[in-house]
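Trainee: There's a structure below that I have some questions on.
The values are calculated or read from the model by the stated rules, or taken from the named source; none is laboratory data. Please read all numbers here as calculations on a predicted model, not as lab measurements. Neighbour counts are summed over all protein chains in view; Cβ atoms, including those assigned to glycine, are modelled from backbone coordinates with ideal geometry. To get the accessible areas, we keep the full protein, side chains included, count just its heavy atoms, and leave off ligands, DNA and RNA. Shrake-Rupley method; radii C 1.70, N 1.55, O 1.52, S 1.80 Å.
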Amino acid sequence: MEISAKVVMELRGRTGAGMMDCKKALAAVDGDIEKAIDYLREKGLAAAAKKQSRIAAEGLVASYVCKKCNTGALVEINCETDFVAKTDEFKQLCQDIAEQIVLNDPADVEALLAQKFIKDESMTVEGLITSKVAKIGEKITVRRFARYAAGDGLVDSYIHMGGKVGVLVEASGLPESDSVNEVLHDVALQIAAASPVAPEYVTRDQVDPAHLEHEKEILIAQARNEGKPEAIIEKMVQGRIVKFYKDVCLMEQLFVKDGDMNVGQMVDKKAKGLKIVAFTRYKMGDGLEKKVNDLAAEVAEQTGALKK
């Protein structure tokens, strides 16, 4: 089958593999990108599969935490240009909607939009957004949100790179104090700043069995393609799975502020008894494709339209 250049470029962007290797991989799996990623990893040509496509949409990730009710929210709101995303009006809109989510606990985005706006009940949240669209002149979309109500526990958030990355963390086990708050904030910072792989789970017992099995299959194929004897492949894969856990499990990642300990050791050392219950990390624009204008094509199209 014919493989388009666009698909080859997408695969290259997601894996970092060479152009010809990407074309070969796609041809081998009938153009299926996810299968092509596995193919490249098995051949040792891609270090890891990036789950999200390139960052594309503009907008912000914002948070709001109510200390009195131990509840927090994280929301991603998209607009069309970075210029609008940096305006005070758009930033305030994001903050207001994050607060709305904390106080009114909507079930999903659709329910959120239908709620009366907490700061002006004469309009809904959707009406608020519509009024901003009319004023700003750009499409504005609430893409996703997370909300944690911790009860007797704690919630903290961290916004990184001016709203490009946001994190919400829930914890339990210890009462609020300056030292506990500092540790919780460091955990949130860890999740935001983690590179090259952001954590997906708190501890290894939370790892999706299907995810683990898929990873093992990839690692076995890698070892075989490296020419390793069958007798040692299982042992090799066990060692590589340990590294996999260190990548995807928050408590096993090296602490960004002190590489001599992992996050779990840091928490035990500074706030023993504190348990990280859950976290959400949003990277603004993940999985959304940004419109890129081809200036030459646009000029040619307009010129053609004028000649008609």
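Trainee: So which of GLY259, GLY264 is at pLDDT 95 or above, over 18 Å from the mean Cα position of the chain (by Cα) and open to solvent by less than 60 Å² (accessible area, probe 1.4 Å)?
Mentor: Details: GLY259 fails: at pLDDT 95 or above.
Answer to the check: GLY264.
Trainee: Is it true that some residue in the range 283-291 is open to solvent by 20 Å² or more (accessible area, probe 1.4 Å) and modelled with pLDDT of 90 or more?
Mentor: yes
Trainee: Can you pull out the helices (runs of 4 or more DSSP H) entirely within the range 74-185 that have at least 3 residues that are at pLDDT 95 or above and open to solvent by less than 40 Å² (accessible area, probe 1.4 Å)?
Mentor: The qualifying helices (runs of 4 or more DSSP H) are 88-104, 109-114.
Trainee: I've got another one for you. Of all residues in the range 267-286, how many are under 22 Å from VAL207 (Cβ atoms), of a type outside the set (S, T, N, Q) and under 24 Å from the mean Cα position of the chain (by Cα)?
Mentor: Of the residues in the range 267-286, 10 are under 22 Å from VAL207 (Cβ atoms), of a type outside the set (S, T, N, Q) and under 24 Å from the mean Cα position of the chain (by Cα).
Trainee: Same structure again: Among the residues of the range 35-68, how many are modelled with pLDDT under 90 and open to solvent by 70 Å² or more (accessible area, probe 1.4 Å)?
Mentor: Going through the range 35-68 one residue at a time, the tally reaches 8.
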